[in-house]
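What follows is a short report on a single structure.
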Amino acid sequence: MLKITALRALKDNYIWLLRNRGNRKVAIVDPGEAEPVEKALAADNLKLAAILITHHHYDHVDGIAALVANHDIPVYGPVNEPIPALTHPVKEGKRIRLDRIGAKFLVLDIPGHTAGHVGYYGHGLLLCGDTLFTAGCGKIFDGTAQQLFHSLQKIAALPDETLIYCAHEYTEENLIFASMVEPANSAIVQRLVKICQLRNKGATTIPSTLAEEKQTNPFLRCDIAEVIRATEQFADHPLNSPEEVFVTLRHWRDSPNKPIHC
Ligand code: ZN
Ligand code: FE
């Protein structure tokens, strides 16, 4: 059974540490810095055996150089992005076997936040970087909102019980925005209460399940009447497809009408 531990990094990033019971060799995902990784390895006498990268942003790759200088390990990452020390370029459909860790993943192309962003799917979970966030989704940098819409549709087609491991702690502010979009959605209110309790304890709010996201994440609900109505009200004109709703919703999320923390 693959166990995942959250290592906090930078302001609000998570570096996920993957480990099988009884095995001291581990993989990590998106090391934005090396220090939290080295500390976790030393604390539990673990050995770093692989790095997985979802996209090229500094808060996901800046720890790679120091880690590969200390550990002789492969670095998996998207073929079409500039990833430091990349040894195993991957893209859609590639199956990767991390034999030393006892893990296998299928690579999914999930562009939009960046143009070459990938995710890793396996063991009932998805490592999705900055594509799908808990109760939200990534901003558009060098990809397009249309690409991001199709990437989220691809993720939505995975089994409902899939665990969503994204790379930032944004659940609370995302849910506040979600509740602006759908004030009458009681699943959002309930989730917000639960998440505020976790945050007050200093606990992580990740992972969620895909089922939970489908009930509370407006970016996965662009075909729901209430989301369409609210987004049309923001746009002040009719929106003719879920994709148009998504693009406008993403724009709304970025607008100065920012949600505030609870
Ligand atoms: Zn990013
Ligand atoms: Fe990021």
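The values are calculated or read from the model by the stated rules, or taken from the named source; none is laboratory data. On a predicted model such as this, the values are computed, not experimentally measured, just so you know. Positions of Cβ are generated from backbone atoms using ideal geometry, with glycine treated the same way; all protein chains shown enter the neighbour counts. SASA here: full protein model, heavy atoms, side chains in, ligands and nucleic acids out. Shrake-Rupley method; radii C 1.70, N 1.55, O 1.52, S 1.80 Å.
Scanning the stretch 123-141 for residues that are open to solvent by 10 Å² or more (accessible area, probe 1.4 Å), more than 13 Å from ligand 1 (Cβ to nearest atom) and either without any contact (Cβ under 8 Å) to a residue 60 or more places away in the chain or at negative phi (or both) gives a single hit, G124.
When the residues of the stretch 68-80 are narrowed to those that are within 21 Å of V107 (Cβ to Cβ) and not small (G, A, S), which ends up most open to solvent (accessible area, probe 1.4 Å)? Per the stated criteria, the residue is N80. Here L10 fits the description: closer than 26 Å to D109 by Cβ, surrounded by fewer than 17 Cβ atoms within 10 Å (Cβ to Cβ), of a type in the set (A, V, I, L, M, F, W, C) and under 18 Å from the mean Cα position of the chain (by Cα).
Within the stretch 109-122, restricting attention to residues that are under 17 Å from L2 (Cα atoms) and away from ligand 2 (no atom under 16 Å from the Cβ), the residue that is least open to solvent (accessible area, probe 1.4 Å) is G122.
So which of N217, N240, N200 ends up being at pLDDT 95 or above and within 19 Å of the chain's Cα centre (by Cα)? Even if it seems obvious, please write down each step before you answer.
Numbers: N240 fails: within 19 Å of the chain's Cα centre (by Cα); N200 fails: within 19 Å of the chain's Cα centre (by Cα).
The unique qualifying residue is N217.
The sole residue among A211, A230 that is out of contact with any strand residue (DSSP E or B) (no Cβ under 7 Å at 6 or more places or on another chain), over 17 Å from H251 (Cα atoms), of a type in the set (G, A, S) and open to solvent by less than 40 Å² (accessible area, probe 1.4 Å) is A211. Checked against (1) open to solvent by less than 60 Å² (accessible area, probe 1.4 Å); (2) assigned to a loop (DSSP other than H, G, I, E, B); (3) over 24 Å from D12 (Cα atoms); (4) without any contact (Cβ under 8 Å) to a residue 24 or more places away in the chain, L106 meets all criteria but (2).
With the checklist (1) touching a Ser or Thr at 6+ places or on another chain (Cβ under 9 Å); (2) open to solvent by 10 Å² or more (accessible area, probe 1.4 Å); (3) of a type in the set (S, T, Y) in hand, flag the one item S151 doesn't pass. Going through the list (1) touching a Ser or Thr at 6+ places or on another chain (Cβ under 9 Å); (2) open to solvent by 10 Å² or more (accessible area, probe 1.4 Å); (3) of a type in the set (S, T, Y), S151 breaks only (2).
Just to be sure, is L17 of a type in the set (A, V, I, L, M, F, W, C), more than 14 Å from ligand 2 (Cβ to nearest atom) and either outside the structural domain of F219 (by TED's automatic domain parsing) or open to solvent by less than 50 Å² (accessible area, probe 1.4 Å) (or both)? Quick ask: steps written out before the conclusion?
Values: of a type in the set (A, V, I, L, M, F, W, C): yes; more than 14 Å from ligand 2 (Cβ to nearest atom): yes; either outside the structural domain of F219 (by TED's automatic domain parsing) or open to solvent by less than 50 Å² (accessible area, probe 1.4 Å) (or both): yes.
When the stated conditions are applied, L17 passes them.
How many of the residues in the stretch 55-87 are within 21 Å of the chain's Cα centre (by Cα) and away from ligand 2 (no atom under 16 Å from the Cβ)?
Here is the first cut: in the stretch 55-87, the residues within 21 Å of the chain's Cα centre (by Cα) are 55-64, 75-84, 86.
Checking which are away from ligand 2 (no atom under 16 Å from the Cβ) leaves us with 75-76, 79-80, 86.
Residues meeting the conditions: 5.
From the list L158, L249, the lone residue that is touching a residue at least 60 places away in the same chain (Cβ under 8 Å) and among the aliphatic types (A, V, I, L, M) is L249.
Condition check ((1) assigned to a loop (DSSP other than H, G, I, E, B); (2) open to solvent by less than 40 Å² (accessible area, probe 1.4 Å)) across all residues:
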{"site": "E173", "(1), (2)": "no, no"}
{"site": "A178", "(1), (2)": "no, yes"}
{"site": "P183", "(1), (2)": "yes, no"}
{"site": "R199", "(1), (2)": "no, no"}
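Residues that are of a type in the set (G, A, S), touching a residue at least 24 places away in the same chain (Cβ under 8 Å) and assigned to a loop (DSSP other than H, G, I, E, B) within the stretch 45-103 comprise G63, G102, listed in sequence order.
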